[in-house]
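The values are calculated or read from the model by the stated rules, or taken from the named source; none is laboratory data. All figures in this text were calculated on a predicted structure; none of them were measured in a lab. Please note: Cβ atoms are built from the backbone with ideal geometry, for glycine as well, and neighbour counts cover all protein chains shown. With ligands, DNA and RNA removed, areas are computed over all heavy atoms of the protein, side chains included. Shrake-Rupley method; radii C 1.70, N 1.55, O 1.52, S 1.80 Å.
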Amino acid sequence: MSKMKGAILPGNSTVEIKEFDIPTPGPGQVLIQTKASTICGSDIRCIYREHTGKGAEGYIPGMIAGHEPCGIIVEEGPGLKRFKKGDRVIVYHISGCGLCYDCRKGYYISCKSEHRRAYGWQRDGGMAPYILADEKDLIFLPDELTYKDGAQVACGFGTVYEAFEKIGVNGNDAVLVTGLGPVGLAALMIAKALGANKLIGVEMNPYRIELAKKLGLVDYVFEPENAVEEIKKVTGGHGVERAIDASASVGGRRIAIQATREWGKIAFVGEGGSCTFLPSEELLHGQKTIYGSWVTSLWKMEDLVERLVRWGIHPEDLITHEFLLEEADEAYRLMAGGDCGKVAVVFD
Ligand SMILES: [Zn+2]
Ligand SMILES: [Zn+2]
């Protein structure tokens, strides 16, 4: 059996490269040659610095990291029903049991079965040249999209697409995104594609402010101090119709609520942290709605890849830094520091 290198996260702000067997696909499984694997904020939050995640976010030490892989099927296990060798595929990053209520709705993310396994957390993920995946977890990558586009679909873009499906966006709307990390930038990219007529960002990291401007994804970007007043000034004094919080901070979430006008809708997608606001004054009396949104479903991911092609947009535009697997330590360190857009590990 041949061997491969894979990256693991020991939980002390480093990456270790170890040797693994190249797996053989069993019934209903495929072996994927990894082409691109992007790093997620939740890898940093729950695994990289310390193994703080519990339950669905619990990392089993020694697992190959990376839950945002994209590649091509190079080997078929027995009994495949839809996919075949040579197909370019995205891996939905959680392998649900497939049989519970949540899985039957396509939300493997919400599966509570003991059989649920997240790639890169409780089963081997994408930071290796090959990944073993279940056929039921795959989404076709259309020819028009690159592997680097595909790597960002399941987690980042799927997450914001789901949130916009909940709050709805059209050409009447000014859209605010608080927190312009990769998820926030993805939100702006999709809001723009959906026809939002004004795009507003709130961010304090100078690198990310410049990146949002350079990518043409913001009409206005404000630092948190006075952001609410500034946003009202550019929205007729009323605030935005729609807001997404990707900051996961107390301050960012409160700005998203306060800067949304009466009858407006807000979605929270940033993970962790806490939230403080005045319910009567800032939410109830304004007839506002806050939605919680966690990742997306298999069918919405299929819709999303179709729409990315129709809109002609490329998630890979958010990738600012690329590394080889041997340089994964540097890749995660950069992502943890925050002076970057999306960070990708790429393979030949
Ligand atoms: Zn992720
Ligand atoms: Zn399930």
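Listing for the model above:
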| read-out | value |
| --- | --- |
| Rounded Å value of the spacing that divides the Cα centres of segment 117-178 and segment 199-270 | 23 Å |
| Value in Å of the Kirkwood radius, where the chain supplies the Cα pairs that are averaged | 20.4 Å |
| Solvent-accessible surface (1.4 angstrom probe) belonging to Ser249, in square angstrom, nearest 10 | 50 Å² |
| Whole-percent carbon and sulfur share, accessible surface of the chain, 1.4 Å | 51 percent |
| Partners for Lys214 among aspartates and glutamates (Cα-Cα distance below 12 Å; same-chain residues under 8 apart left out) | Asp317 |
| Selected from Gly184, Gly41, Gly11 as most flexible by GNM, with the chain as the system and alpha-carbon contacts under 10 Å | Gly11 |
| Listed pairs Lys35/Lys105; Lys5/Lys300; Lys232/Lys300; Lys35/Lys192; Lys112/Lys288; Lys54/Lys112 exceeding 25 Å between Cα atoms | Lys35/Lys105; Lys5/Lys300; Lys232/Lys300; Lys35/Lys192; Lys112/Lys288 |
| Charge dipole (debye, nearest 20) of the chain; +1 at Cβ of Lys and Arg, -1 at Cβ of Asp and Glu | 780 debye |
| Length-normalised contact order of the chain in % [C-alpha pairs under 8 Å, at least 6 apart] | 19 percent |
| Principal semi-axes in Å for segment 131-189 [√(5λ), Cα gyration tensor, largest first] | 26, 13, 12 |
| Backbone HN-Hα couplings from phi across segment 87-93 [Karplus 6.51/-1.76/1.60, Hz, Gly and Pro as x] | 6, 8, 9, 9, 9, 4, 6 |
| Most fluctuating residue given options Ser280, Ser293, Ser37, as computed from a GNM of the chain linking Cα atoms under 10 Å | Ser280 |
| Note, ³J(HN,Hα) from phi for segment 35-45, Karplus 6.51, -1.76, 1.60, rounded to Hz, x at Gly and Pro | 10, 8, 8, 9, 9, 10, x, 6, 4, 6, 5 |
| Computed over segment 103-219, Kirkwood Rh from alpha-carbon pairs, angstrom | 16.3 Å |
| Whole-number accessible area per residue in Å² for the chain, which is evaluated in the context of all protein chains at 1.4 Å | 41 Å² |
| Those GluC sites (Glu not before Pro) in segment 173-235 that DSSP places in a loop and that have at most 14 other beta carbons within 10 Å | Glu225 |
| Neighbour cut-off at most 16 other Cβ (10 Å), DSSP loop, GluC sites (Glu not before Pro), segment 271-344 | Glu271 |
| Partners for Lys81 among lysines (Cα-Cα distance below 18 Å; same-chain residues under 8 apart left out) | Lys136 |
